[in-house]
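In what follows, a single structure is set out as structure tokens and then discussed.
The values are calculated or read from the model by the stated rules, or taken from the named source; none is laboratory data. The structure presented is a predicted model; accordingly, all values stated were derived computationally and were not measured. Virtual Cβ from ideal backbone geometry, glycine too; neighbours counted across all protein chains shown.
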Amino acid sequence: PGIRTAWIAEAEQHDSVPTGTRRLRPDTAAYWTALARSKYLVHNADFDRRLVKRRGQVLVQTRQGTPLKHMGLDLRERPAAAGDTDFDELLDNVDKWDYVLSANRHSTLIWERVYPGGYTTLEYGSPRADVFQQATSADVARIRESLGIPEGAVAILYAPTHRDYRRTQRTTLDLHHVLCRLGPRFVVLARAHPRHGGPLAPTAGQVIDVTDHPSVESLCLASDALVTDYSSIMFDYADLDRPIVIHADDREAYEAARGTYFDLRSFPPGAVSRSEDELIDIFTTGHWRGSRSAQLRSAFRERFCPYGDGRAAERVVRHVVLGETGRPSVV
């Protein structure tokens, strides 16, 4: 109560902005006025580099999920992934942060090392995953219907990450062939990475292109299983406690170009495939939701989802806005 909020988004994205908040477009007079006058600034990437932080402002950096691939200063040794990153500018931006949110101990250790600064880490969980604990079965049914998922179908969310070593972001999976082998009961929600530049496959038959859908959390709720590779979406999805399959057919190339903080093959959230045929076999045999996959997911959740109780945002607001130092207990 008593807090006025503004949300910065391009004009075409304003329909997805929550109601009850002022909608601002980047680089407008209202945008700069809001940046100058706001008490709290919240972002999941980099704030505007032209922002001059005034005394009393509080910058909260939520980050974009738990890190698997190398980030921040670790990219100095990965030129293919770093591109034209200015690391001095990166550190200047970090100096503006007051708080960094962390979903688990792994994230805390990584963020504090690759983004060194004087900020305070709030290891409270991931606010964007709160909806997974709060959504009802009616919410899930409504989302599935809006996406056109047939009743009784098994919906697989396919969400691969960006490849730094490729000029074109093509996928090696032939989704239509995979679905032909799996049968009519399965559908795939195909979501390309924002840097992909286009859909993974056009909407046709059992493939539904959801690249431009405004809420990846809704897509997670609508699906029965996730297929990904090295994307941080797997850590959020683990909060749902639904089957996850890792499709890693280019591990050596990805490790050489980007690198990861742990070997996903030795600590996966579920079954792992190295080829299209193996992926098909995982689903046709039921291994994707078998007991072994459940055991792997349970261990993964224990390590990376210790605060997945739907109250991460509450803990952050209590600390940052209300000044409460003791965080509520984890359910």
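Would it be correct to say that Ala82 is within 25 Å of Arg166 (Cα to Cα), without any contact (Cβ under 8 Å) to a residue 24 or more places away in the chain and in the same structural domain as Glu112 (by TED's automatic domain parsing)?
yes
Taking into account only those residues within region 124-145 that are surrounded by 14 or more Cβ atoms within 10 Å (Cβ to Cβ) and among the polar types (S, T, N, Q), which is farthest from Ser102 (Cα to Cα)?
Result: Gln133.
Pick out the one residue from Gly125, Gly152 that is in a loop (DSSP other than H, G, I, E, B) and touching a Phe, Trp or Tyr at 6+ places or on another chain (Cβ under 7 Å). It would help to see each step written out before you state the result.
Values: Gly152 fails: touching a Phe, Trp or Tyr at 6+ places or on another chain (Cβ under 7 Å).
It is Gly125.
Quick check: is even one residue across region 16-30 in contact (Cβ under 8 Å) with a residue 40 or more places away in the chain and assigned to a helix (DSSP H, G or I)?
yes
If I ask for residues that are in contact with a His (Cβ under 8 Å, 6 or more places away or on another chain) and touching a residue at least 24 places away in the same chain (Cβ under 8 Å), which ones from region 207-227 would you list?
Val207, Leu219, Val227 - these are the residues of region 207-227 that are in contact with a His (Cβ under 8 Å, 6 or more places away or on another chain) and touching a residue at least 24 places away in the same chain (Cβ under 8 Å).
Given the criterion surrounded by fewer than 12 Cβ atoms within 10 Å (Cβ to Cβ) and without any contact (Cβ under 8 Å) to a residue 12 or more places away in the chain, identify the matching residue among Arg54, Arg37, Arg4.
Within the list Arg54, Arg37, Arg4, the selection yields Arg37.
Within region 106-123, is there a residue that is touching a Gly at 6+ places or on another chain (Cβ under 9 Å), surrounded by fewer than 15 Cβ atoms within 10 Å (Cβ to Cβ), more than 24 Å from Glu255 (Cβ to Cβ) and in contact (Cβ under 8 Å) with a residue 24 or more places away in the chain?
yes
Starting from residues that are basic (Lys, Arg) and in contact with a helix residue (DSSP H, G or I) (Cβ under 8 Å, 6 or more places away or on another chain), keep the ones in region 24-52 and report whichever is farthest from Thr5 (Cα to Cα).
Checked region 24-52; the qualifying residue farthest from Thr5 (Cα to Cα) is Arg49.
Would you confirm, using the coordinates I've provided, whether Thr172 is in contact with a helix residue (DSSP H, G or I) (Cβ under 9 Å, 6 or more places away or on another chain), farther than 21 Å from Val216 by Cβ and either assigned by TED's automatic domain parsing to the domain that holds Glu252 or small (Gly, Ala, Ser) (or both)?
Criteria met by Thr172.
Within region 267-287, count every residue that is touching a Leu at 6+ places or on another chain (Cβ under 9 Å) and assigned to a helix (DSSP H, G or I).
Result for region 267-287: 5.
Tell me the residue from Thr66, Thr85 that is modelled with pLDDT of 95 or more, within 22 Å of His193 (Cβ to Cβ), outside any strand (DSSP E or B) and hydroxyl-bearing (Ser, Thr, Tyr), please. Spell out the reasoning first.
Working: Thr85 fails: modelled with pLDDT of 95 or more.
On inspection, the qualifying residue turns out to be Thr66.
Among (1) out of contact with any helix residue (DSSP H, G or I) (no Cβ under 7 Å at 6 or more places or on another chain); (2) assigned by TED's automatic domain parsing to the domain that holds Tyr230, which single condition is Ala159 missing?
That leaves (1) as the condition not met.
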